[in-house]
Amino acid sequence: MFKEETVTVQPTFDAVKIQMIHAEATSAAKAAVQKMLDDWRAKTGGNEYGEPMYCGFAWVDVKVRSNSKLGKALQSVGFKKSWESGYLQLWDPAQHRGQSMDCKETGAQAYADVFRSYGIEMYMGSRAD
């Protein structure tokens, strides 16, 4: 009788696949920010700035070697080396042109969620200004 073995296959991502995922993730991030702002305005009536007043930054982190195939593909869409060794980061993936940390976090989380759906472990990070 043969012993049954489980083999885990890691998906491979080339630059074209990463560009497609990046485009999908960016679109999802922008849509999430717009939905959040629409909901916020409906609930609060908004303010003179058009967004919540808590300023800050948000980004996504992915643990990957920068010289790997995946690392190079991510860098081709704008990821940069993080201050933390072994990570790449993309700041403000929703490209929100305001200062609201709520908006930036919402966009970064939506962006990371799309990449996770493809099997790439990516997480949102943020800090107040």
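The values are calculated or read from the model by the stated rules, or taken from the named source; none is laboratory data. This one's a predicted model, so the numbers in the text were calculated from it and none came from an experiment. Backbone-built Cβ (ideal geometry, glycine too); neighbour counts: all protein chains shown. The area values use the complete protein model at the heavy-atom level, side chains included, leaving out ligands, DNA and RNA. Shrake-Rupley method; radii C 1.70, N 1.55, O 1.52, S 1.80 Å.
Remark: C-alpha extents of the chain on the principal axes read 70, 34, 24 Å, sorted largest to smallest. Between F57 and E24, the C-beta separation translates, for a Förster distance of 22 Å, into a calculated FRET efficiency of about 0.45.
Close amide-amide hydrogen proximity is noted between A94 and A108, each under 5 Å apart and 5 or more residues distant or on a separate chain (H modeled in the peptide plane; Pro and chain starts excluded). In the context of the full set of protein chains, the range 61-129 has a per residue accessible area of 54 Å² (1.4 Å probe).
Here the range 28-129 is assigned +1 on the Cβ of each Lys and Arg and -1 on the Cβ of each Asp and Glu. Its dipole about the Cα centre then comes out at about 520 debye. Here the range 8-129 has 52 percent of its accessible surface on carbon and sulfur atoms, given a 1.4 Å probe and all protein chains in place. Cα centroids of the range 26-65 and the range 78-124: 12 Å apart.
Accessible-area rank, largest first, for C103, C55: C55, C103, with all protein chains present and a 1.4 angstrom probe.
Per residue, the average separation of C-alpha pairs within less than 8 Å and at least 6 apart gives the chain a relative contact order of 35 percent.
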